[in-house]
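Asks: Structure provided below as structure tokens; questions to follow.
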Amino acid sequence: MKIHSQTNRIAASLVLLTLSCSVSVFAQDGKLTIHVIPKQAYAFVDGRAFGEASRHALRLSAGDHKIDLYNYGYAPASSSVSITAGKNTNLEVTLTPIDTQVSGPLGAMTIEGADRDAVLLNGKSPDFFVGHGDEFNHNWWWKQELVVPAGTYQVTILGAGTGNELWSGPVEVPLNQRVVLDIPKGVRKTVPWPRGETLGSLARFKAGTASATVAVAKPTAQLSASTAQINCGDAAQLKWSSSDSPHVEINGLGVVTTSGVQSVQPKQTTAYELTASGPGGTATSSSTVTVSNSIQADLEFSPAEIHYKQVGDKVVEQSGTSVNWTAANADAVSIDPLGSVSPSGNRTVQVAPRKTDAGPVDETITYTLSATNNCGGTETKTATLHIVGSIEPQLESMLSLNSIYFPTDQPSATNPNDGLLASQQSVLKLVADDFKKYLAAKPDARLILSGHADERGPTEYNQALSERRVEVAKRFLVEQGIPANNIETRAHGKDENLNAEQVGQQMEQNPNLSAEARQKASERMPTTVLANNRRVDVSLSTTGQESVRQYPFQAEDFSALVNRNGLETEGEVKLASERKKIQN
């Protein structure tokens, strides 16, 4: 309880008197004359208690001021005025009456010694004003009293003119009892108040000749929610109303207007409580919104089994599947291995097996959905996808490409269809068989035949010779079933001859040639180099794969191929005997 000395009260009165009368001292001030209905309205200037508005002109400093007018039986009004020094400003206001009645159970207060000081209950701002001391200072026959619902009140007295707090403290008002306060001493006594037992409803404010009754209403509060249960992330509408409560708040929302609607989105079950505070006490109302954090999730593949086939590095069959999912009441959803996704949806995926080596495919792939919400809910779902099929070796690795070799001067201009010896026909048959399988997968592929001749003879002769060699090879492949459109020929004559070093490297890389045979071939290197340049190379258009240059040292017709003098010569017999020597 806060108590100020009588000396302070006298000083406050002197300040009010000075403000009202000393024009010469405050020549820079102006006056404000308020004409208000009802005339008992009380003025607060810039939030400071000033006094009865119609009792006398208010002397104010020049400038802008906020004027609030209060009477408990009327709705308050607020105005802004501009005061000019040395001039009078008029303000006319009619307050709107509040027609509601106040009923029991009730008690009363008599406040002595407060004169025309402002009386506030349960608050210290103007909104908690109920009247001034001269309206509540006796209980004689004509009565000036403050009637309140039974209960405990925080009574505050603000000095008229200064707005200073003169006294503040709790006062308990029992049912049908009258509490007498002596300001600044406090509660002087509590006595029976029989009139309270017979009172019906009272007007909030009633004034007569030397009489006044202010009946303070107990606040009311009502709070409701549009729905009692929501999912996480959903909203509910709070709707509330209150009366006789200048201060209203809702836990979690803070201070709110006296009535209203607001959307809330709690993350957990929340009991909202509306607290309405006013001069007549406090009223509460509550409403609970239950929040469900449960997540309903589902994850599946459609279809749940797919087929996969890979040949070499080319996937020739890979059926797709659809991943379908839902996660109701979730804020964040991810699917491993897809990453973050929306709470519901579907996605077409093509899944490859984990294995990469050749062989049958029979694998199970697992996808995992993880869902959470902002309310602490979690859920996990898995779905499996069965992959069946096969991985086959790359077609190119199955394709046998070997260069073919010709005898000297073969085929001749007079017999362009000859010159392809038996061993080399066998090589071309293997090429044809493999390439026909390859065409089934890659019908646009082509074999590129590149003809060569050794360095002997004129350029024009060797060019024509290399052309005859690729043509005879092409003709043979066509006879084996290769479409002519899938064969391309090129003739290089003797322009791209291999040298001795290159031929030597090829012999080193030939796994079918023994060290002894390699040595003997090296001793006849000039003849060996010539033989290696009488050839047709084969390459693949799709990959650039080139034929293996592996001279047929062990072929039955080796002697005819290697003879540098051509067929049907004496040297052929000699070379045949040498051939037997270089075999293993």
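Taken together, the values in this text are just the output of simple stated rules run on the coordinates, not laboratory data. What you are looking at is a predicted structure, and each value in this text was computed from that prediction instead of being measured. Note that we place each Cβ from the backbone using ideal geometry, even for glycine, and neighbour counts take in every protein chain shown.
Asks: Would you mind finding the longest exposed-site-free stretch of the chain, with exposed GluC sites (Glu not before Pro) meaning DSSP loop and at most 16 other Cβ atoms within 10 Å?
Replies: 1-454
Asks: Any lysines with Cα under 29 Å of the LYS239 Cα? List them, leaving off those in the same chain fewer than 8 positions away.
Replies: Those lysines meeting the cut-off are LYS124, LYS218, LYS267.
Asks: Oh, and also: Please list the non-local residues whose amide H lies under 5 Å from the amide H of TYR308, H modeled 1.01 Å from N, same-chain partners needing a gap of 5 or more.
Replies: Under 5 Å from the amide H of TYR308 lie the amide H atoms of VAL388, GLY389, SER390, each far enough along the sequence or on another chain.
Asks: ³J(HN,Hα) across the range 93-100 via Karplus (A = 6.51, B = -1.76, C = 1.60, θ = phi - 60°), whole Hz, x for Gly/Pro?
Replies: Going residue by residue, I get 9, 10, 7, 8, x, 9, 8, 5 Hz, with x marking Gly and Pro.
Asks: Then there's this: Using alpha-carbon positions, what is the distance between the centroids of the range 275-325 and the range 62-132, in Å?
Replies: 58 Å
Asks: With θ set to phi - 60° and the Karplus curve 6.51 cos²θ - 1.76 cosθ + 1.60, what are the ³J(HN,Hα) couplings of the range 405-410 in order, to the nearest whole Hz, using x for Gly and Pro?
Replies: So the Karplus estimates, Gly and Pro as x, are 10, 10, x, 4, 6, 10 Hz.
Asks: Determine, from the Cβ-Cβ distance of ASP182 and ALA235 and an R0 of 56 Å, the FRET efficiency 1/(1 + (r/R0)^6), rounded to the nearest 0.05.
Replies: Details: r = 54 Å, r/R0 = 0.97.
My answer for the efficiency is 0.55.
Asks: Relative to the longest principal Cα axis of the chain, at what angle does helix 459-479 sit, 0 to 90 degrees, rounded to 10?
Replies: The angle comes out near 70 degrees.
Asks: Tell me, which longest segment in the chain has none of the chymotrypsin sites (Phe, Trp or Tyr not before Pro) that fall in DSSP loops with at most 10 further Cβ atoms within 10 Å?
Replies: On the way: sites that count: TRP140, TRP141.
Excluding the exposed sites themselves, the longest stretch runs over 142-584.
Asks: Gain in length, GLN268 to THR96, computed as 0.36 nm per residue apart minus the alpha-carbon separation, to one decimal in nm? Let's see the in-between values first.
Replies: Details: separation 172, 0.36 × 172 = 61.92 nm, distance 4.39 nm.
Taking 0.36 nm per residue and subtracting the Cα distance, the gain is 57.5 nm.
Asks: Here is a further query. In terms of the Cα gyration tensor, with a ≥ b ≥ c the square roots of its eigenvalues, is the range 45-197 rounded because a/c is under 1.5, prolate because a/b exceeds b/c, or oblate? Working shown, then result.
Replies: On the way: a/c = 2.44, a/b = 1.88, b/c = 1.30.
Taking the square roots of the gyration eigenvalues as a ≥ b ≥ c, the range 45-197 is prolate.
Asks: Right, another one. Straight distance only, please: which aspartates and glutamates reach the Cα of LYS185 with their own Cα at less than 20 Å, same-chain residues fewer than 8 apart left out?
Replies: GLU112, ASP115, ASP117, ASP134, GLU135, GLU145, GLU165, GLU172
Asks: In nm, to one decimal, how far is the modelled label at VAL261 from the one at ASP495, with both set 7 Å along Cα→Cβ?
Replies: 9.0 nm
Asks: So who's got an amide H within less than 5 Å of the one on ALA77, skipping anything under 5 residues away but keeping other chains? H placed 1.01 Å off N, in plane.
Replies: Counting only residues 5 or more places away or on other chains, the set is LEU69.
Asks: Can you work out the Karplus-derived ³J(HN,Hα) for every residue in the range 345-351? Use 6.51 cos²θ - 1.76 cosθ + 1.60 with θ = phi - 60°, whole Hz, and x for glycine or proline.
Replies: With coefficients 6.51, -1.76 and 1.60, one gets x, 8, 8, 7, 10, 10, 9 Hz.
Asks: Using only the Cα atoms of the range 395-519, build the gyration tensor, take square roots of its eigenvalues as a ≥ b ≥ c, and label the shape rounded, prolate or oblate: rounded if a/c is under 1.5, else prolate if a/b is larger than b/c, else oblate. Write down the numbers at each step before the final one.
Replies: Numbers: a/c = 1.86, a/b = 1.16, b/c = 1.60.
Cα axes put the range 395-519 in the oblate bin.
Asks: How far is helix 422-441 tilted, in degrees, relative to the longest principal axis of the Cα atoms in the chain, given as a value from 0 to 90 rounded to the nearest 10?
Replies: The angle comes out at about 20 degrees.
Asks: Under 20 Å Cα-Cα from LYS355, which lysines qualify once same-chain neighbours fewer than 8 residues away are excluded?
Replies: Straight-line reach from LYS355, under 20 Å: LYS309, LYS314.
Asks: What are the residues whose amide H is under 5 Å from the amide H of SER103, where those residues sit 5 or more places off or on another chain and H is modelled from the backbone?
Replies: LEU202
Asks: Does anyone have the angle between helix 570-582 and the longest principal axis of the chain? Alpha-carbon axes, 0 to 90°, nearest 10?
Replies: That helix lies at roughly 50 degrees to the long axis.
Asks: Please state the shape class of the chain: rounded when a/c is under 1.5, otherwise prolate if a/b exceeds b/c and oblate if not, all from the C-alpha gyration tensor.
Replies: Verdict is prolate for the chain.
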